[in-house]
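Values quoted throughout were computed directly from the atomic coordinates according to the rules given, and no laboratory measurement underlies them. Bear in mind the structure is a predicted one, so any value in this text is a computation, not a measurement. In this analysis, Cβ positions are derived from the backbone assuming ideal geometry, glycine residues included, and neighbour counts consider all displayed protein chains.
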Amino acid sequence: MSEPAQGPWYRRLHWQIFVAMALGAAAGAIGGESFADRVGWIGTLFVRFLKMIIVPLVLTSIVSGVASLGGARSLGRLFSKTLGYYVLSSALAIGVGLVMVNWIKPGVGAQITGTQGAALPELSTPDSAVDLLLDMVPVNVVAAAANGDMLALIVFSVLFGVAIAGLPAQPRETLTRLFDSAFQAMMRLTGGIIRFAPIGVFALIARVTGTAGLEAFRALALYMLTIAASLSIHLFVSLPLLLLLLGRIRPHVHFRNMVEPLTMAFSTASSAATLPVTLRTVEEKVGVSNRTSSFVLPLGATVNMDGTALYECAGVLFIAQVLGADLSTTQQMVVVVTALLASIGAAAVPSAGLVVIFLVLESVNLRGPEVDAIVGAMLAIDRPLDMFRTSVNVFSDSCGAAIIARSEGESGVDEA
Ligand code: ASP
């Protein structure tokens, strides 16, 4: 099912995806909205296939991974390393956003009012950190799975895996083998779906360029540039430095290995929809064991969102600048902390980052119709930024998996 390792470039999947992206962008720009409407369903179908496997994949990968960890001590060690990495990488991302927006000041003098806004998608957001904690424990596992409530599903799967690890040899081996086999099947299914990625990506990108309204883009051009530059710094400087310093991994090799998940994150703007591809690539190309990746990646896709964290902080400071509200250093620190929490609470689906921005705005008392109007305008131009921050989110998860695998003594990680 995997792509040919040798042979002409055009037979390699990532090149096919790149070509599909370019063709999709051109076709959407030329064909406009009518073309976007005609091919849009193909992109939707592709994303549905990816989403179809998320729940069984997360369940089987975590249960088989945690059950093979062999005890609560290894789990505790892996958990603290994972959490440490998440906080470090997100804090770095927020720091970059904070410095860039304070330096460039894209909001000062910006004329946003009157720009056509858009209605926010209805996504549920936790009201507070306590709610976030309570939501992590499902009252009904089946309902959590049915609602795509990832954090709750992850918590159950980890606990289930721990329980299996504590069983006597015979039931433990039976259950571990069962979940491991189901996981292999899910990975194979993922491989089959990815073969259609070029077609899906073509349609997804054509829809973006075909429906883009240029007016809103012009009003927010400097803001978009600031966010894009900040995300680029995190993607091409901060994360590679973490790879080098913490994992002694060559960043260019990791980038090359991660091409497919990156293009998928970019075209779907959803870390959750990309998760099957991320898991498969991090295991098969980056060379991380299932034991590590099954723990770091599903959790990372749900809570470790560097690009989103950066966006929350930069977006709120931008809105404050537009409104002429001068945020003190203490208020900016409040923004930093709530941006981290908001990125944890954001769902791994398109535009979720923009919806949770209200949590951060509330923390510094920015509210009212003017704020709503600016967020509406930001939503109108959100898709390209969302595509970019989702790629950063996914890349950071993969760096975490590679670094932690290295620290666990795994060999063969990101070997060229
Ligand atoms: N779309 C992003 C993701 O899935 C979340 C966000 O909107 O920032 O990772």
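The combined condition, being crowded, with 16+ Cβ neighbours inside 10 Å and part of a helix (DSSP H, G or I), is fulfilled by residue 189. Restricting 226, 190 to residues that are in contact with a Pro (Cβ under 7 Å, 6 or more places away or on another chain) and over 23 Å from residue 20 (Cα atoms) narrows the list to 226.
Of everything in the stretch 259-297, what is touching a residue at least 40 places away in the same chain (Cβ under 8 Å), more than 16 Å from the chain's Cα centre (by Cα) and surrounded by fewer than 24 Cβ atoms within 10 Å (Cβ to Cβ)? Give them in sequence order.
Initially, the stretch 259-297 is screened for residues touching a residue at least 40 places away in the same chain (Cβ under 8 Å), giving 259-284, 286-297.
Keeping just the survivors that are more than 16 Å from the chain's Cα centre (by Cα) gives 283-284, 286-292.
Hits for the stretch 259-297 are 283, 284, 287, 289, 290, 291.
Number of residues in the stretch 219-254 that are outside any helix (DSSP H, G or I) and either surrounded by fewer than 19 Cβ atoms within 10 Å (Cβ to Cβ) or among the basic types (Lys, Arg) (or both): the value is 2.
Is it the case that the stretch 395-404 has a residue that's surrounded by 20 or more Cβ atoms within 10 Å (Cβ to Cβ) and more than 19 Å from residue 276 (Cα to Cα)? Taking every residue of the stretch 395-404 in turn, at least one turns out to be surrounded by 20 or more Cβ atoms within 10 Å (Cβ to Cβ) and more than 19 Å from residue 276 (Cα to Cα). Condition check for residue 321 on (1) part of a loop (DSSP other than H, G, I, E, B); (2) surrounded by fewer than 24 Cβ atoms within 10 Å (Cβ to Cβ): one failure, at (1). Looking at the stretch 1-11, is at least one residue within 26 Å of the chain's Cα centre (by Cα) and surrounded by 17 or more Cβ atoms within 10 Å (Cβ to Cβ)? No, the stretch 1-11 contains no residue that is within 26 Å of the chain's Cα centre (by Cα) and surrounded by 17 or more Cβ atoms within 10 Å (Cβ to Cβ). Among the residues of the stretch 360-386, those that are crowded, with 21+ Cβ neighbours inside 10 Å and closer than 30 Å to residue 277 by Cα comprise 378, 381, 382, 385, 386. Taking each residue of the stretch 240-258 that is in contact (Cβ under 8 Å) with a residue 24 or more places away in the chain and looking for partners that are of a type in the set (Asp, Glu) and not in a helix (DSSP H, G or I) with beta-carbon atoms closer than 6 Å, six or more apart or interchain, yields 249/414; 253/414; 254/414. Looking across the stretch 331-359, the residues that are surrounded by fewer than 24 Cβ atoms within 10 Å (Cβ to Cβ) and more than 21 Å from residue 388 (Cα to Cα) come down to 331, 332, 333, 334, 337, 338, 359. With respect to being crowded, with 23+ Cβ neighbours inside 10 Å, over 13 Å from the mean Cα position of the chain (by Cα), of a type outside the set (A, V, I, L, M, F, W, C) and away from the ligand (no atom under 11 Å from the Cβ), residue 414 fits the description. Meeting the requirement of 3 or more residues that are more than 18 Å from residue 300 (Cα to Cα) and in contact with a Ser or Thr (Cβ under 6 Å, 6 or more places away or on another chain), no helices (runs of 4 or more DSSP H) wholly within the stretch 124-186 can be named. Looking at the stretch 310-358, which of its residues are near the ligand (Cβ under 10 Å from one of its atoms), of a type in the set (Gly, Ala, Ser) and touching a Gly at 6+ places or on another chain (Cβ under 7 Å)? The one that is near the ligand (Cβ under 10 Å from one of its atoms), of a type in the set (Gly, Ala, Ser) and touching a Gly at 6+ places or on another chain (Cβ under 7 Å): 346.
Scanning the stretch 9-30 for residues that are closer than 12 Å to residue 202 by Cβ and out of contact with any Pro (no Cβ under 8 Å at 6 or more places or on another chain) returns 18, 21, 22, 23, 24, 25, 26, 27, 28. Restricting attention to the stretch 380-416, the residues being outside any helix (DSSP H, G or I) and either of a type in the set (S, T, N, Q) or in contact (Cβ under 8 Å) with a residue 60 or more places away in the chain (or both) number 9.
Just give me the residues in the stretch 127-185 being farther than 22 Å from residue 305 by Cβ, of a type in the set (D, E, K, R) and surrounded by fewer than 14 Cβ atoms within 10 Å (Cβ to Cβ), in sequence order.
Once the filter is applied, which keeps residues that are farther than 22 Å from residue 305 by Cβ, of a type in the set (D, E, K, R) and surrounded by fewer than 14 Cβ atoms within 10 Å (Cβ to Cβ), the stretch 127-185 yields 173, 177.
Scanning the stretch 339-379 for residues that are within 18 Å of the chain's Cα centre (by Cα), among the small types (Gly, Ala, Ser) and part of a loop (DSSP other than H, G, I, E, B) yields 346, 347, 348, 351.
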